[in-house]
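Trainee: Structure incoming, see below.
The values are calculated or read from the model by the stated rules, or taken from the named source; none is laboratory data. On a predicted model such as this, the values are computed, not experimentally measured, just so you know. Positions of Cβ are generated from backbone atoms using ideal geometry, with glycine treated the same way; all protein chains shown enter the neighbour counts. Just the protein is used for accessible areas: all its heavy atoms, side chains included, with ligands, DNA and RNA removed. Shrake-Rupley method; radii C 1.70, N 1.55, O 1.52, S 1.80 Å.
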Amino acid sequence: MTTKTTSAPPAAGPRKGSRRRPPASSATKVGRPGFAWALPAAVFFALFAIVPLIMVAVLSFMSWDGLGSPEFVGMDNWSRLMDDPVMFQSVWLTLLLTVLGVVVQTPLSIVLGVWAAGHQRNRAVLSVIYFIPLLLSATAVSVLWRALLDPNFGIPAEATWLFGDGNLFGEQATAIGVLAFVSTWQFTPFHTLIYQGAARAVPQVLYQAAEIDGAGRYRQFFHITLPQLRNSMITSMILMIVGGLTTFETVLILTQGGPGTDTTISAYYMYDKAFKSFDFGAGSAIALALVVSATVISLIVVRVSGYDKMRSTMEGVS
Amino acid sequence: MKTRARLPRLVAGGATLTLALTLSACGDGGGGASSDDGKIHVLVYGDAANKVEKQLVDTFNKTSDVKVVLDTIPGADYQKKLQTIISTPQAPDVFFNWGGGSIKPFVKADLLMPLDDFIKKDPDLENKFLPSVFANGVVDGKPYGIPMRGTQPVLLFHNKKVLDQAGVKPPKTWDELLDAVGKLKDAGVTPIALGGGDIWPTQMWFQYLFDRLAGPGLFEKAVGGDKSAWESADSKKALGMIRELVDAGAFGKNYDSVKYTNGGSVALVSSGKAGFELMGSWYYSQQLTDAKEFAEKDLGYTVFPAVEGGKGDPAGVAGNTNNYYSVMKKTEHPEAVAEFLKLMYSDEFVKAQLEIGNLPTTTNTDKFIDTSSTPEYSRFQYDLVADAPSFQLSWDQAYPQKASSSMHKAIQQFFNGQLDADGFIKAMQALPTE
């Protein structure tokens, strides 16, 4: 831990522009973060994330029904999945739900977030009300909507002009619609919160300058607010994508992957294989595929959006 | 200087190491149920019936040196959690199950104790139970389960008022049922309420109709591994009859969006929007809870209609035969376990079960039926089960647990037209039977 700061001052005489650093106090030495500081977190992460991940990877090459000992079967689980139409459908459905989530929630939460960042009357009260869905657990939300959408006693029974016979969970298109709607209802408040914070951080000088130049509210929104929200938008979208790829509870409670396999998304299919059909090998293979694809997609989003370079939204300001 | 800087590292490293060791020690069965603490652990499905189980455990512990500990797993995840702990040191000594295929994989994995020896010492462990019920705890000719709790036959319930208004009588035959469907449709109600969103209520129509049409032999063959059973003429005929019933609009159009478990289909019948519902015997107490006045005045019940020319006896019953206690092979107190199981045919057990609305399947139940909360209904059920030549265990319990998900999918898809008869047959043939 010997550092230059404690060694003798430079042999050469004082140079122009170089300031002598004050001797490091003992406080900075103790406070300097070493590797040991990260150890507890690293151990926990290894224990509860890395080790299980490795075990899942190993299990994906085995056949195991939870009883007795696993049996090595090579690529069997993987080749079975490759021939499985439900697997392909589940990938497609997962992507569809993810894209639907991003496309619907992003504009909605930007508008709400920017609005909530203002100073209107009753804004605080309404913001709190908007926030409530996020406070409920996904399970509670799903149970609630399943009851509200009951064809004979829920909303569809009252609005037959819109819902017809109310068979929302009996057909693929409407069942997916309901899933997308429920997660929008639940998670828009969260993304609204992100955009609200970001919109508040936009320097007021920009708006003042724009006003002097005669820009209206819409121009200000599209030419100042929106570009300034870029980084937040990427953060929010990455969260939406990862959340979308791992959606589970809503499907488990609202549709159980049905009718038939019509809403069986990958995460649910993994659960179905592992914990309902007791085929832990196949379940592990799906899980591993899900981890890899979610990581790759997130990386692509980060790369394409330039988020990794963290360009400042303040450029051109200072 | 160097040592001083190293010290915090050493401390931190040591602390994490200790932490890691403590954590890994947790996995060695430090907490929860373990079999080597001189007690018997009995694992049951956690619900209202635990009241009786607790009472019996207390009774047993008063006189026994080896004490029983009751562990409960709440909720419908019982089977999943059971399967994850069954081959670990946390496994119980005795556990609750549904008999039939639900324990077959455990038998195959050599985890369960055959109960022949217990029964040899105390023949009452077999004789005191109704034969059709005891039979469902038998796997490969050996008994692995002692009945506990109560039987739950599936019955055809109806709303008396709705049937009267449409001029319909409870159907005794399949043709009368089809006739009733037409009349109820004309009267503007959904003929039959169905919680298709839960899928298992849909399955009840399959298991009963197959039993009536082909007799219990067909399904026995299928679950025994003979896949040709599913493509037999009887099987195809039964599928055709289900198709006919669905296409006649018997269940309306939105049955897959209706659930039994959130009270949807239950309310359809009690509010007069539907005529019939096929459901397990627990339906009566469900209606008592949800719509007391209706349950007491207008709720009727009959057996599943007979099928003309069918090979099955119209007195045959389908549903949940009963629940069972199975014993783990590795239990260290088999004598005490045997003593505990004797309580399952005791008078105390029967009385306590009847009090909470369960219908035990012991031969002495008859004596106490009048003390039940609903004597007339209990009597009807008891006679039905006692006189039944066969009791078809629910399909998803008769097959091994790992088949149930695929089976449910096939049933739902055939019912709503996503699969045709051939597709259904193929899906059922692909189910694992062991």
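Trainee: Kirkwood Rh and Cα-based Rg: tell me the resulting Rg over Rh for chain B, rounded to two decimals.
Mentor: 1.05
Trainee: Stretch B:ALA187-B:VAL69 to full length: gain in nm at 0.36 nm per residue minus the Cα-Cα span?
Mentor: Extra length from B:ALA187 to B:VAL69 when fully extended: 36.9 nm.
Trainee: To continue, here is another question. Given a 10 angstrom Cα cut-off, can you work out which residue in B:SER373, B:SER281, B:SER404 is the most mobile in a GNM of chain B?
Mentor: Looking only at B:SER373, B:SER281, B:SER404, the biggest GNM fluctuation is shown by B:SER373.
Trainee: Additional query: When the Cα centres of segment B:361-420 and segment A:78-100 are compared, how far apart do they sit, in Å?
Mentor: Cα centroid to Cα centroid, the span is 36 Å.
Trainee: Determine the shielding of peptide A:150-161 by partner chains: average, over its residues, the number of Cβ atoms on other chains within 10 angstrom of each Cβ.
Mentor: Averaged over the peptide's residues, the number is 4.
Trainee: D for segment A:160-318, whole µm²/s, Stokes-Einstein with Kirkwood Rh over alpha-carbon pairs at 25 °C and 0.890 mPa s: what number? Spell out each step's value before the answer.
Mentor: Working: Rh = 18.9 Å.
The diffusion coefficient I find is 130 µm²/s.
Trainee: Excluding ligands, DNA and RNA, what is the solvent-accessible area per residue of chain A at a probe of 1.4 Å, expressed in Å²?
Mentor: Value for chain A: 57 Å² per residue.
Trainee: To continue, here is another question. How big, in percent, is the set of alpha carbon pairs in segment B:289-335 lying more than 13 Å apart?
Mentor: 76 percent
Trainee: Could you tell me which of rounded, prolate or oblate describes chain A, using a ≥ b ≥ c as the square roots of the eigenvalues of the alpha-carbon gyration tensor, with rounded for a/c under 1.5 and, failing that, prolate when a/b is larger than b/c and oblate otherwise?
Mentor: Note, shape of chain A comes out oblate.
Trainee: Whenever you get a sec, line up B:VAL303, A:VAL99 from highest to lowest accessible area (probe 1.4 Å, protein heavy atoms).
Mentor: Numbers: B:VAL303 55, A:VAL99 85 Å².
Highest to lowest solvent-accessible surface, that is A:VAL99, B:VAL303.
Trainee: Oh, and also: Using amide H atoms built 1.01 Å from N in the peptide plane, name the residues 5+ places from B:ALA318, or on other chains, whose amide H lies under 5 Å from its own.
Mentor: Amide H to amide H, under 5 Å and 5 or more residues apart or across chains, B:ALA318 pairs with B:VAL154, B:GLN392.
Trainee: Considering amide H positions built from the backbone, and no H for Pro or chain starts, which residues 5 or more places from B:ASN416, or on another chain, come under 5 Å of its amide H?
Mentor: Amide H to amide H, under 5 Å and 5 or more residues apart or across chains, B:ASN416 pairs with nothing.
Trainee: How large a share of the accessible area of chain B, in percent, is made up of carbon and sulfur atoms when the probe is 1.4 Å and the other protein chains stay in place?
Mentor: 52 percent
Trainee: Relative to the longest principal axis of the C-alpha atoms of chain A, give the angle of the C-alpha long axis of helix A:138-148, reported between 0 and 90° and rounded to the nearest 10°.
Mentor: Approximately 40 degrees, to the nearest ten.
Trainee: Moving to a separate point now. What order do you get for A:81-88, B:255-262 when each peptide is scored by the mean count of other beta carbon atoms within 10 Å, highest first? Please list the in-between numbers first.
Mentor: Values: A:81-88: 13.9, B:255-262: 24.0.
Highest-to-lowest ranking by the protection proxy: B:255-262, A:81-88.
Trainee: Continuing with the same structure: Packing-wise, with mean Cβ within 10 Å as the measure, how do A:143-152, B:193-202 rank, highest first?
Mentor: Top of the packing list down: B:193-202, A:143-152.
Trainee: Enter the buried accessible area of the A/B pair, total of both sides, probe 1.4 Å, in Å² rounded to the nearest 100. Let's see the in-between values first.
Mentor: On the way: alone 19950 and 19450 Å², together 35960 Å².
Buried area (both sides, nearest 100 Å²): 3400 Å².
Trainee: Obtain the nm distance between the two label points defined at A:PHE221 and B:LYS253 by a simple spin-label model: each point lies 7 Å from its Cα along the Cα-to-C-beta direction.
Mentor: Modelled inter-label distance: 3.9 nm.
Trainee: Could I ask something else about it? If I model a spin label at A:MET55 and B:ASP47 as a point 7 Å from the Cα along the Cα→Cβ vector, what separation in nanometres do I get?
Mentor: 3.1 nm
Trainee: Shape of segment A:87-185 from its Cα gyration tensor (a ≥ b ≥ c, root eigenvalues): rounded if a/c is under 1.5, otherwise prolate when a/b > b/c, or oblate? Before the final figure, lay out the partial values.
Mentor: Values: a/c = 2.20, a/b = 1.41, b/c = 1.56.
It is oblate, given that a/c is not under 1.5 and a/b is not larger than b/c.
Trainee: Please give me the summed charge of the neighbours of A:LEU148: other residues whose Cβ is under 14 Å from its Cβ, Lys and Arg +1, Asp and Glu -1.
Mentor: Numbers: positive: A:ARG146, B:LYS259; negative: A:ASP150, A:GLU158.
Charge balance near A:LEU148 sits at 0.
Trainee: Check which residues have an amide H placed less than 5 Å from B:ASP226's amide H, if you skip close sequence neighbours.
Mentor: Sorted by chain and number, the residues that satisfy this come to none at all.
Trainee: Ignoring ligands, DNA and RNA, what percent of the 1.4 Å accessible area of chain A is carbon and sulfur?
Mentor: Values: 12560 of 18220 Å².
Ligands and nucleic acids excluded, carbon and sulfur give 69 percent.
Trainee: Quick check: the distance between the Cα centres of segment B:155-191 and segment B:241-311, to the nearest angstrom?
Mentor: First find each Cα centre; the distance between them is then 11 Å.
Trainee: Would you mind checking the radius of gyration and Dmax of segment B:284-378 based on alpha-carbon positions, in Å?
Mentor: Cα only, segment B:284-378: 18.0, 54 Å (Rg, Dmax).
Trainee: Hey, what D do you get for segment B:181-281 in µm²/s if you plug the Kirkwood alpha-carbon radius into Stokes-Einstein at 37 °C and 0.692 mPa s?
Mentor: The calculation lands on 226 µm²/s.
Trainee: Put one equal scatterer on each alpha carbon of the protein assembly as shown, apply the Debye formula with no solvent term, and list log10 I(q)/I(0) at q = 0.08, 0.09, 0.11 1/Å to two decimals.
Mentor: Normalising to I(0) and taking log10 leaves -0.81, -0.98, -1.31.
Trainee: Under the 0.36 nm per residue contour assumption, what length would be gained going from the current alpha-carbon distance of A:PHE44 and A:ILE212 to full extension?
Mentor: Taking A:PHE44 through A:ILE212 to full extension adds about 55.0 nm, to one decimal.
Trainee: Computed FRET efficiency, Cβ-Cβ of B:ASP58 and A:LEU108, R0 56 Å: what is it to the nearest 0.05? Let's see the in-between values first.
Mentor: On the way: r = 58 Å, r/R0 = 1.03.
For B:ASP58 and A:LEU108, the calculated efficiency is 0.45.
Trainee: Per residue of A:254-263, count partner chain C-beta atoms within 10 Å of its C-beta, then hand back the mean as an integer.
Mentor: So the per-residue partner count for this stretch is 6.
Trainee: Kindly write out, for segment A:49-57 in residue order, the coupling ³J(HN,Hα) from the Karplus curve 6.51 cos²θ - 1.76 cosθ + 1.60 (θ = phi - 60°), rounded to whole Hz, with x marking Gly and Pro.
Mentor: 10, 5, 4, x, 4, 5, 5, 5, 4
Trainee: Per residue of A:39-48, how many C-beta atoms from partner chains lie within 10 Å of its own C-beta, taken as a mean? Walk me through the numbers on the way to the answer.
Mentor: Values: counts 7, 6, 1, 1, 7, 4, 0, 1, 4, 1.
Per residue, the number of nearby Cβ atoms from other chains is 3 on average.
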